[in-house]
Amino acid sequence: MNTQEMIKLDQKYIIPTYAGKTIAFSHGKGCKIWDVEGKEYIDFLSGIAVSGLGHSHPKLVEAIKEQAEKLIHTSNLYLIPNQIELASILVENSFPGKCFFCNSGAEANEAAIKFARKYGQGRYEIITMSGSFHGRTYGALTATGQDKFHKGFEPLLPGFKYAEFNNIESVKNLITDKTCAILIEPVQGESGINPAKKEFLKQVRLLCDENDILLILDEVQCGMGRTGKLFAYEYYGITPDMVTLAKSLGGGVPIGAVIANEKVSSCISPGNHAATFGGNPLATKAAVVTLKTMLGDNLIDNAGKMGDYFKDKLNSLKSKYPFIKEVRGKGLMLGMEIAPVANGARGILLKCMEKGLLIGTAGENVLRFVPPLIVQKKEIDEGIKILEEVLTNLK
Ligand SMILES: Cc1ncc(COP(=O)(O)O)c(C=O)c1O
């Protein structure tokens, strides 16, 4: 099937929740990916911050093959050794607690919302931030502090309040005797790569401690080494009560997780929550190998160093092109805000794609760069060269 035929059949059979699909990929290797017509691309989007080890990482491929030959799925009715190993690595590298496994970021946030309400014993309000994004299921959608995602789907879940991101007074003003949790992305992804201010998160932590409120950090996008630390919260000198993960956790195999500290996990009893596929042998094997490779092959350090290198390159572009308003982000989670130019950030993305570079957008005016954590200077240079060719022609 060629691309044109695929476009027709996609339009015929796929519910149009995504727009603008014009290419299909056949295979990838490292930071490169090839479409079905044989064209090569540098992949600085990683399937939206998912393929942390890049494409076809030999350790991940081998582990998935081996596990698939032995056993793909059993059930959480039985012990799952890979799941226990994954939970132990996550907990030993975060804070004392326990894990729950599911299949996506939205599901991880749903679980965290339920756990918070269970902890609250009747306190049910959750404060989230303007500009946040937590997923598309009803709890996660309601938690998302952006009206545009809510439109057409009301009534939403009761009990959510939206504070202004990075404004501690606004958070304080929303706390009541019904508040059980505050949910924050340490680096907001979908609204344009906006890191929380250090002082803000520290003060939120204090507020939570003073009022017996849980601090839940959504690290679905910014976690798993992407910012140059295994968890973005490590930059802030705080520890959350729960952290939610997905995206890079399985290196591309769907899996989500909640890590909850003892005070939260001890409130949960059998039957309170479940997921048929959650943490199955195949997905947890993929995650164990992904995590061990990130930790053992210094990929998190690499993300920090390459992130600095990438950011410097983007900043040199900023000094040349006045329509670049700001470069921001941490590690390999970078955003470049563009002033309104012809066809906006999406127009730049499409031109980069034509020239063999995959990037993303976040919000209206921000280009998003989330390359695999294995990326090297040479690939960054290649990608920046293409980006600059596109920007020069916008001048
Ligand atoms: C911070 C954050 N939370 C949650 C989600 C939802 O994850 P999923 O699409 O796996 O449900 C996303 C997805 O972009 C995200 O960026």
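Of all residues in region 76-101, those that are outside any helix (DSSP H, G or I), under 26 Å from the mean Cα position of the chain (by Cα) and not aromatic (Phe, Trp, Tyr) total 8.
For region 121-141, how many residues are more than 8 Å from the ligand (Cβ to nearest atom), surrounded by fewer than 23 Cβ atoms within 10 Å (Cβ to Cβ) and over 18 Å from ILE175 (Cβ atoms)?
Within region 121-141, residues that are more than 8 Å from the ligand (Cβ to nearest atom), surrounded by fewer than 23 Cβ atoms within 10 Å (Cβ to Cβ) and over 18 Å from ILE175 (Cβ atoms) number 3.
The set of residues in region 321-340 that are in contact (Cβ under 8 Å) with a residue 60 or more places away in the chain and either touching a strand residue (DSSP E or B) at 6+ places or on another chain (Cβ under 7 Å) or over 20 Å from ALA196 (Cα atoms) (or both) comprises TYR321, PHE323, ILE324, ARG328, GLY329, LYS330, MET333, LEU334, GLY335, GLU337. Residue check: is LYS285 in contact (Cβ under 8 Å) with a residue 40 or more places away in the chain, out of contact with any helix residue (DSSP H, G or I) (no Cβ under 6 Å at 6 or more places or on another chain), in the same structural domain as CYS99 (by TED's automatic domain parsing) and not β-branched (Val, Ile, Thr)? Against the criterion (in contact (Cβ under 8 Å) with a residue 40 or more places away in the chain, out of contact with any helix residue (DSSP H, G or I) (no Cβ under 6 Å at 6 or more places or on another chain), in the same structural domain as CYS99 (by TED's automatic domain parsing) and not β-branched (Val, Ile, Thr)), LYS285 does not qualify. Only one of the listed residues (VAL258, VAL264, VAL289) is part of a helix (DSSP H, G or I) and either modelled with pLDDT under 95 or in contact with a Phe, Trp or Tyr (Cβ under 6 Å, 6 or more places away or on another chain) (or both). That residue is VAL264. Scanning region 26-38 for residues that are touching a residue at least 12 places away in the same chain (Cβ under 8 Å) and closer than 16 Å to ILE359 by Cα gives GLY28, GLY30, CYS31, LYS32, ILE33, ASP35. When LEU71, LEU141 are screened for being in contact (Cβ under 8 Å) with a residue 12 or more places away in the chain and under 22 Å from ALA286 (Cβ atoms), only LEU71 passes. Considering every residue within region 219-233, establish whether at least one is outside the structural domain of GLU337 (by TED's automatic domain parsing) and assigned to a helix (DSSP H, G or I). Yes, there is a match, as at least one residue in region 219-233 is outside the structural domain of GLU337 (by TED's automatic domain parsing) and assigned to a helix (DSSP H, G or I).
Can you tell which of LEU391, LEU291, LEU367 is more than 19 Å from the chain's Cα centre (by Cα) and either buried (at least 21 other Cβ atoms within 10 Å of the Cβ) or in contact (Cβ under 8 Å) with a residue 12 or more places away in the chain (or both)? When all the criteria are applied, what remains is LEU391.
Confirm whether GLY223 is within 11 Å of the ligand (Cβ to nearest atom) and crowded, with 24+ Cβ neighbours inside 10 Å. Considered against the rule, which asks whether it is within 11 Å of the ligand (Cβ to nearest atom) and crowded, with 24+ Cβ neighbours inside 10 Å, GLY223 comes out as yes.
Remark: pairs (first residue in region 102-127, more than 13 Å from GLY278 (Cα to Cα) and in a loop (DSSP other than H, G, I, E, B); second residue more than 14 Å from the ligand (Cβ to nearest atom) and not polar (S, T, N, Q); Cβ separation under 7 Å; 6+ apart in sequence or on different chains) = ARG123/LYS178; ARG123/CYS180; TYR124/ARG117; TYR124/GLY159; TYR124/LYS178; TYR124/CYS180.
Checked against (1) away from the ligand (no atom under 12 Å from the Cβ); (2) hydroxyl-bearing (Ser, Thr, Tyr); (3) buried (at least 22 other Cβ atoms within 10 Å of the Cβ), SER248 meets all criteria but (1).
The rows are residues; the columns are (1) under 24 Å from the mean Cα position of the chain (by Cα); (2) in contact (Cβ under 8 Å) with a residue 24 or more places away in the chain.
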{"residue": "LEU9", "(1), (2)": "no, no"}
{"residue": "ALA24", "(1), (2)": "yes, no"}
{"residue": "ILE42", "(1), (2)": "yes, yes"}
{"residue": "ILE48", "(1), (2)": "yes, yes"}
{"residue": "LEU60", "(1), (2)": "yes, yes"}
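Does at least one position in region 184-202 carry a residue that is among the small types (Gly, Ala, Ser) and away from the ligand (no atom under 13 Å from the Cβ)? Checking region 184-202: not a single residue is among the small types (Gly, Ala, Ser) and away from the ligand (no atom under 13 Å from the Cβ).
The values are calculated or read from the model by the stated rules, or taken from the named source; none is laboratory data. Source: prediction; values computed, not measured. Every residue, glycine as well, gets a Cβ built from its backbone with ideal geometry; the counts of neighbours run over all protein chains shown.
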